Every structure is written in C-alpha cells, then in structure tokens.
Amino acid sequence: MRTRIKICGLKSPKEAAYFPPSQVDFAGMVLFCEKSRRNITIEEAAEIMKALPREIKRAAVTVSPTLAQAECIEEAGFDVLQVHGSLDKEILSKVHIPIIRAVNVKDRVPLFEEHPRISAYLFDAAAPGSGKPFDWACLEKIPARGRKFILAGGLTPSNVGDAIRKVHPWMVDVSSGVEYDGKRGKDPDKIKAFIHAVEEAEGK
C-alpha cells in the first residue's frame, strides 16, 4: 500500500506550486490558531486552495475549534478538518466533512475517540509544531482495528523512511521538516527530497 503524503503549514499560493499532484495527497493550512507562526486567514487559505491542483485534498488544521469556525471551514471548501485539542460534539453532528483527529503522544498512546465522522487519527509530538519527533515504537502496538493513522511530528527527508519501515502509517505529515533553514517558507528541494525518501522506503 502506498504511503500517502500530507504537507502542512502552507502560507502562500506560491508554495502550492511545489506540490506534485501525483505524489502529494493532502495540503494543510493552519486556521484560527493565532499562536502558530503558520496561521493564516480564511481569505488567504482561499487563494492557496485556488492554486492547488484539484487532485490534492485541502485540510484545515485547527486547535479546539468552535462550531462556527468549523462551519466556516466547511463553507470555504476544505475537504477535511484536522482537530487538535478538544473536539466539540456539535462539530461531529453538524459539520459534514471528514475529521482527522490529532492526538499528542507523550508517554503512551491516548485512547481513541470513536465516531463515524472521524476518518483518521494523527499522532503528533507532545508539542505540536515543534519539529521534534516522539518515540515511534509506541505506535507499533496501537489497537488499529482498521483505523487509518497518520504519523507527524519531527519528520524530515532523512528520517521519514525509517519511520515508514517501523510503523507503516497510512500517511506521513510534514511541515517544519520541509521548510528553509533560517527563514520561513517551504523549500521545494526539501519537498522533493521528502517525497523521494517516502518512495524509497516503499521500494520504488
């Protein structure tokens, strides 16, 4: 099974041009999270989405969103809502796009929330956005039961292959690992290297 790729933290339409549609599956944009240096407005996200190839799914990345924010994301045309922090039960019943439920891994894998609207689970480092990985070994014993899971947190072109071979995620998620050194923004060369490392891990 091919490991899917999600590149997160887009900030401009220019960065959308770095994503080959046959190799990148999801593009993530951080919304309603002013503490994040990657936070953008709905209006800025709309311009990025216009620049993305249609084959690449749009993911809105949020932290404890309100129902109004989740509905705004759905109306903007996002394909999926990624939720860190708390998840309001009203969102599960009133928002119709699939939800990626993000959990931060500290000493052990947290319990799963069960709901048909949750399409996948994303495992991130204890401090999301830090660029630091966690101990992937703890995911080897997760009660999968057919769930899709996404590996995030500190992935880079140099370690993603090892991560795939160890825990076989449905998708890998990268943000800081494909950004320029010393300045903000996505680095197209690092994106290419990340994609190549994923394909190499699959024996392509």
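As a footprinting exposure proxy, order ARG184, ARG4 by other Cβ within 10 Å, with the fewest listed first.
Numbers: ARG184 10, ARG4 19.
Ascending Cβ contact count within 10 Å gives the list ARG184, ARG4.
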Dipole magnitude of the chain about its Cα centre (Cβ charges: Lys, Arg +1; Asp, Glu -1), debye to nearest 20: 300 debye
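Out of all DSSP beta bridges in the chain, what portion is antiparallel? Express it as a percent rounded to 5.
For the chain, the DSSP antiparallel bridge percentage is about 5.
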Two-site label geometry, LYS94 and ASP79: point separation in nm, points 7 Å out along Cα→Cβ: 2.7 nm
Residue-span extension gain [GLU71 to ALA17] - 0.36 nm each, minus C-alpha spacing: 16.7 nm
Anchor LYS94: aspartates and glutamates whose Cα lies under 18 Å away (excluding residues fewer than 8 positions away in-chain): GLU71, GLU74, GLU75, ASP79, GLU113, GLU114
Residue-averaged [θ]222 nm for the chain, counting only DSSP H segments that reach four residues, each worth -39500 (n - 2.57): -7000 deg cm²/dmol
Distance from segment 148-169 to segment 31-108 (C-alpha centre basis), Å: 22 Å
Karplus-derived HN-Hα couplings along segment 80-88 (A = 6.51, B = -1.76, C = 1.60, θ = phi - 60°), whole Hz, x at Gly and Pro: 8, 10, 9, 10, 9, x, 8, 10, 5
Cα-based equivalent ellipsoid of the chain: semi-axis lengths in Å, sorted from largest, via gyration tensor: 23, 22, 15
Gain upon complete extension [ALA51, GLU200; 0.36 nm per residue less C-alpha separation]: 50.8 nm
Contact order normalised by residue count of the chain, Cα under 8 Å, 6+ apart, percent: 18 percent
Whole-Hz ³J(HN,Hα) from phi, Karplus 6.51 cos²θ - 1.76 cosθ + 1.60, for segment 152-157, glycine and proline x: 9, x, x, 6, 9, x
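Which ordering of TRP170, TRP136 is given by a fewest-first count of other beta-carbon atoms within 10 Å?
Ranking TRP170, TRP136 by Cβ neighbours within 10 Å, fewest first, gives TRP170, TRP136.
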Cβ-defined net charge surrounding GLU179, 12 Å radius [Lys, Arg +1; Asp, Glu -1]: +3
Total formal charge among the other residues, if their Cβ is under 12 angstrom from that of ALA59, Lys/Arg +1 and Asp/Glu -1: +1
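Computed from the coordinates by the stated procedures, all read-outs in this text should not be read as laboratory data. These numbers come from a predicted model, not from an experiment. Quick reminder, even Gly has a Cβ in these numbers, built from the backbone with ideal geometry, and neighbours come from all protein chains shown.
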